[in-house]
Amino acid sequence: MRAGTSEPAMLSIRHLSKTYEGGVRALTDVSFDVPDGQFLAIIGLSGSGKSTLLRCINRLVEPTSGQIVWDGVDITAASRDETRRIRRQIGMVFQHFNLVHRSSVLTNVLAGRLGYVTPAWSLVNHFPKADVAKAMHELNRVGIPDKAHSRADELSGGQQQRVGVARALMQDPRMILADEPVASLDPVLAHSIMQYLELINREDNVMVLCSLHFLDLVHRYADRAIALNEGRLVFDGAPQEIDHARFKAIYGQDAERVG
Amino acid sequence: MAKTPNESGDRAPSRRLASLGRGLIYAVAVAGGILIYAYGFQVTQVSLEEARSPSRQERLVRILRALAEPDLVEYDEQETTAETSVWVPCPKTLPAFEPPSGTPSLSLEPRCGAPGERITAVGNGFPPGADGRVYFVPPNGIRLSQAEFRADTDGAFSVSIQLPERASPEVQTVLAAFQRNVGAPRLTRNAYDTWDKIVETVFMALLGTTFGTMVAVPLSFLAARNLMKDITGTVGGLALIVMALPVGALLGAIVSRVALAGSAAVTSSPFATAVVASASLAVVARTLRWAMPSEETSTPSLRIRAARIVALLVASLLGLLGSVLAARLMSYVGDQLAELLGLAAFIGTFLADLGDVLELILGAAAVGGVAVVVASLSGTLGARLRPRLPPSARRPYDLTLSALAGAVLGLLLGAFLAWLYRLVDVRVTVVAPAAVGAVVGLLLGWRAGTGDTFPIGLVVYNLTRTVLNVLRAVEPLIMVIVVAVWVGIGPFAGVLALSLHTVAALGKLFSEDVETIQSGPLEAVTATGATRLQMIVYAVVPQIVPTYVSLTMYRWDINVRLSTIIGFAGGGGIGFLLSQNANLGNYRAASAQILAIALVVTAMDYLSTYLRGKAV
């Protein structure tokens, strides 16, 4: 395996394994480091463990064994309260957007602040004025300030994903986990969403871990790519290094390149 | 598919055998069915013999006619009579026959007879269709009804009457009388009673639905598998919580008693009550704002957090005191208003009752609240302590705690049984339950293992489900019998029984709805660092609102139906009136109530369908 770059490692995944209750091995001994500010693409077939890997990092999925250390903090050993404080610094963007359909766009974006506000106040839907202003600012940033008071399910797919990005930005994240963020969108929308992630990565120096299906997106946006096959790390390097032989190793002998 | 001859040759006998077997099975099934239904007929006494008997049919017709004429309006009545003389027995010389004069008129054929003889009474000149009775009037003037008549289209009738058994030398009278309605119709007493009771019924249903829904909503989250399955912990942690709950409840009882006593000290004057209540609530609001800043980006120091916890504790005590005082004030103001308002006195009474209920709820909330706080504190303490133990000590630690928790539960159960059966033997009420509980706790702790994946959430889920299922199995008609013993026969008993059943029914339906929601938003909100409660408010609640509203409407509809019959078992409402009238044979009165029920249920049906259509 390739060693990390010369910069100090910010996120370090060590011997991570996950076996689900039914006995399905989703991850087997995965180790890699991600330096601060890197745009890392995670590629692999459906079911290769990409989603599980991303969800282990913010403990939506409990790893079976191994360690995830971020900024010197062992995420895997964090208590419940510590986990919440770690999660609020990690924004997450989902393939199916995962917005609350019947809530307004603004409420969906404000939900990104739930890790910071005092639970008792948020239960009665009270957010500090600064948070509401910030939510409008983030909606402005993703280009849909006029949709703030629309119901989330009235928006198109691309707009919904922008709300998803705005929700992640509300967290003032130091890391963004994007799980197939553009797999449900057409190519034009895909690029616009990817450009927002790129912008956040460049401007705010936020580390982005993004699982992707299309290699041209990987080439276009990622600093580095890792590949999973049946839960094992099979590639770690620059996107340009994925040649024909490596492609076959990642996607299987029968695979054809489509993009 | 084509078959070779060989194949079909092999299969033919086996197929015949199979069809024979199938025929046999059918025959046995049919015979069994006949047996079951024959026995069923015997047990349920299915018999048309009774139904065919003429006296029963006559009674049925009478009741049906009464039902067709609900007792709702009445008129002033005017009686018209016609009379003629009769002799029993016939005198030696019968006075000359005077042809009847005027209309209507009555004549007898013959005009005298032996005691007990049947004679014919003939009427003429009555209004066509007039209904009335023919009476025999002895010298004492008391009317003895002999027959009913109905005049034909010419205003004539002819009925057979029986002469009295007792002979009398005096002239006696036969009289035909009918009533005629005059003037404008007016509502009967029964109509007013029916109106009162149907209003009572609708409100019983409304209150039962409201109270039941308020409890069912939080319960439904505990009974939803998808929300509960991820809550796990160590056996020791669960044991600590189990042990802390009764201790906390006891503490809470003391706290609420102190608060009630403390508030009693200042409630001598309403003015002082108002001042103290508002002052303490204002202090609470300020404290809360300090102790719970609306947003924090960094973790505060331990000292500040400790200070906040103390402040919150003091604030909740003050809040309890203030709320109790406010409730008392409400009762006081309500009572005053009830005296002042006259016709609208029920508003004052409502306020007073609400204050009373609030005080009751506050007492219960204090007990529950302190129990939860103590339990969660000890749970947190356990969670902090356990990782510091050497790994080899963790299992003994878990097992000790689970054995202790089992013993505590056993003791509680023992105390309950001792109270219920009035036992005094310490071995039975204390030693045995504690020992058995400890052993069971130890065994369960042993089975659960050492990890922190003990499914606490699923335990709570299964407990809630069980309670809901048991509660749902008891029909409200049966519940109301027990409740009526406690609060007395009347609508309040009905409200409580309906509430209880609504909790069970809606709790299950609600939780099933929660189990069908999309998990994506839950995951997304959890990923922002939200607590479980925040996740429920922001990701679960918006998804379930339409179905919850629709189900509640539906339940209201059902509760209206139930509340119409719950009076049969002592629950008040229109059913009470209906059962009384039916038992007394006042079928015309009962008919009015049946009509009212049909109208209200149909109206509710349309209303709830309409509102549900709006909600979704």
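Each reported figure results from applying straightforward, stated rules to the coordinates on display, with no laboratory input. In this text, all values refer to a predicted model and were calculated from it rather than measured experimentally. So basically every Cβ, Gly included, is an ideal-geometry build from the backbone, and we count neighbours across all protein chains shown.
Report the relative contact order of chain B, percent, no decimals, based on alpha-carbon pairs under 8 angstrom and at least 6 residues apart.
17 percent.
Please list the helices of chain B that count as membrane-span-like by this rule: a mean Kyte-Doolittle hydropathy of at least 0.0 together with Cα atoms stretching 18 Å or more along the helix axis, each helix being a complete DSSP H run.
The qualifying helices are B:5-43, B:189-222, B:235-266, B:270-291, B:302-341, B:345-385, B:391-421, B:432-448, B:456-473, B:491-514, B:541-565, B:587-615.
If you take the beta carbon distance between B:V333 and B:L360 as r and set R0 to 25 Å, what does 1/(1 + (r/R0)^6) give as a FRET efficiency, to the nearest 0.05?
0.90
For segment A:31-69 and segment B:561-616, what is the separation of their Cα centres, given in Å?
Distance between centres, Cα-based: 63 Å.
In nanometres, what is the gap between the two model label sites at A:S65 and B:S145, each 7 Å from Cα along Cα-to-Cβ?
9.6 nm
In the protein assembly as shown, with Lys and Arg counted as +1 and Asp and Glu as -1 at Cβ, which of these residues, B:G570, A:S31, B:Y26, has the Cα nearest the positive end of the dipole, that is, farthest along it?
Farthest towards the positive pole: A:S31.
What list of ³J(HN,Hα) values in whole Hz, one per residue of segment B:79-95 in order, does the Karplus curve 6.51 cos²θ - 1.76 cosθ + 1.60 (θ = phi - 60°) give from phi, with Gly and Pro shown as x?
Values, residue by residue: 9, 10, 10, 9, 9, 8, 8, 9, 10, 10, x, 4, x, 4, 10, 7, x Hz.
What FRET efficiency comes out for the pair B:R225/B:S392, r = Cβ-Cβ distance, R0 = 35 Å, nearest 0.05?
0.50
Going by C-beta contacts inside 10 Å, put A:W121, B:W556 in order with the fewest on the left.
Details: A:W121 17, B:W556 22.
Sorted ascending by nearby Cβ count, the order is A:W121, B:W556.
Take the Cα pairs of chain B, get the Kirkwood Rh, then feed it into Stokes-Einstein at 20 °C and 1.002 mPa s and tell me D in µm²/s.
65 µm²/s
What is the Cα convex hull volume of the protein assembly as shown when expressed per residue in Å³?
Per residue, the Cα convex hull of the protein assembly as shown comes to 365 Å³.
Mean residue ellipticity at 222 nm from the helices of chain A, using -39,500 (n - 2.57) per DSSP H segment of n ≥ 4 over the full residue count, to the nearest 500 deg cm²/dmol?
My calculation for chain A gives -9500 deg cm²/dmol from helical runs alone.
When all C-alpha to C-alpha distances in segment A:42-168 are sorted into bins of 10 Å, what percent of pairs does each bin hold, rounded to whole numbers?
12, 36, 33, 17, 1
Which value, in debye to the nearest 20, gives the size of the charge dipole of chain B about its Cα centre, when Lys and Arg are +1 and Asp and Glu are -1 at the Cβ?
Values: 47 positive and 42 negative charges, 626 e Å.
Here chain B has a charge dipole of around 3000 debye.
Under a 5 Å amide H to amide H cut-off, with H placed in plane at 1.01 Å, what residues pair with A:T64 once short-range neighbours are removed?
So A:T64 has HN proximity to A:S17, A:K18, A:T19.
Would you list A:S103, B:S301 from fewest to most Cβ contacts within 10 Å?
Fewest to most other Cβ atoms nearby, the residues stand as B:S301, A:S103.
With θ set to phi - 60°, apply the Karplus curve 6.51 cos²θ - 1.76 cosθ + 1.60 along segment A:59-71 and write out the HN-Hα couplings as whole Hz, x wherever there is a Gly or Pro.
Using θ = phi - 60°, the values come out as 6, 5, 10, 7, x, 6, 8, x, 9, 10, 10, 10, 6 Hz.
Over all residues in B:399-406, what is the mean tally of Cβ atoms on other chains that come within 10 Å of each residue's Cβ? Mind dumping the intermediate values first?
Values: counts 0, 0, 0, 0, 0, 0, 0, 0.
Across the residues of B:399-406, the mean count of other-chain Cβ atoms within 10 Å is 0.
Hey, in the protein assembly as shown, which Cys have no second cysteine's beta-carbon closer than 4.7 Å?
So far as the 4.7 Å Cβ criterion goes, A:C56, A:C210 stand without a partner in the protein assembly as shown.
Distance check, please: which entries in A:K147/B:K508; A:K18/B:K229; A:K147/B:K614; A:K50/A:K129; A:K129/B:K508 exceed 28 angstrom between their Cα atoms?
Result: A:K147/B:K508; A:K50/A:K129; A:K129/B:K508 exceed 28 Å.
Output wanted: per-residue J couplings in Hz (rounded whole) for segment B:156-162, from phi through Karplus 6.51 cos²θ - 1.76 cosθ + 1.60, θ = phi - 60°, x for Gly and Pro.
Values per residue, Gly and Pro as x: 10, 8, 8, 10, 8, 10, 9 Hz.
Between B:V86 and residues 5 or more places away or on another chain, which pairs have amide H atoms under 5 Å apart, with H built 1.01 Å from N, and which residues are they?
B:Q172, B:T173, B:V174
Taking a quarter of the surface of the convex hull around the Cα atoms of segment B:132-246, what do you get in nm²?
If I average the Cα hull's projected area over directions, I get 20.8 nm².
How would you order B:415-425, B:366-376, B:79-89 from highest to lowest mean count of nearby Cβ atoms within 10 Å?
Packing order, densest peptide first, comes out as B:366-376, B:79-89, B:415-425.
Name the long-range amide H neighbours of A:N229: under 5 Å, sequence gap of 5 or more, or other chain; modelled H, no Pro or chain starts.
A:V234
Taking the Cα centre of segment B:76-187 as origin, work out the dipole magnitude from +1 charges on Lys and Arg Cβ and -1 charges on Asp and Glu Cβ, in debye rounded to 20.
Here the size comes out at about 180 debye.
Going by Cα centres, segment B:112-161 and segment B:440-519 are how many Å apart?
The two parts, judged by their Cα centres, are 68 Å apart.
Taking the Cβ of B:L175 as the centre, find all other residues whose Cβ is under 13 Å away and add up their charges (Lys, Arg: +1; Asp, Glu: -1).
Values: positive: B:R133, B:R143; negative: B:E79, B:E83.
Local net charge: 0.
Only Lys, Arg, Asp and Glu count, each charged at its Cβ (+1, +1, -1, -1), so figure out the dipole size of chain A about its Cα centre, rounded to 20 debye.
Details: 29 positive and 30 negative charges, 126 e Å.
Here the size comes out at about 600 debye.
Find the eigenvalues of the gyration tensor of the Cα atoms of segment B:462-502, then list the square roots of 5 times those eigenvalues as equivalent ellipsoid semi-axes, largest first, in whole angstrom.
The three semi-axes for segment B:462-502 are 21, 8, 8 Å.
Which order do B:L320, B:L337 fall in if you start with the one that has the fewest other Cβ atoms within 10 Å?
B:L337, B:L320
Kindly list the residues of segment B:238-280 that lie in the label zone of A:V124, defined by a backbone N under 19 Å from the point 7 Å along the Cα-to-C-beta vector.
B:277-280
On a C-alpha basis, how far is the centre of segment A:158-172 from the centre of segment B:226-279 in Å? Whole number, if you could?
When both Cα centres are located, 41 Å separates them.
Give, as a single signed number, the net charge of other residues whose beta carbon lies under 15 Å from the beta carbon of B:T609, with Lys and Arg counted +1 and Asp and Glu -1.
Local charge sum for B:T609: +2.
Work out how much length B:A274 to B:S158 would gain on full extension: take 0.36 nm times their residue separation and subtract the Cα-Cα distance, in nm to one decimal.
33.6 nm
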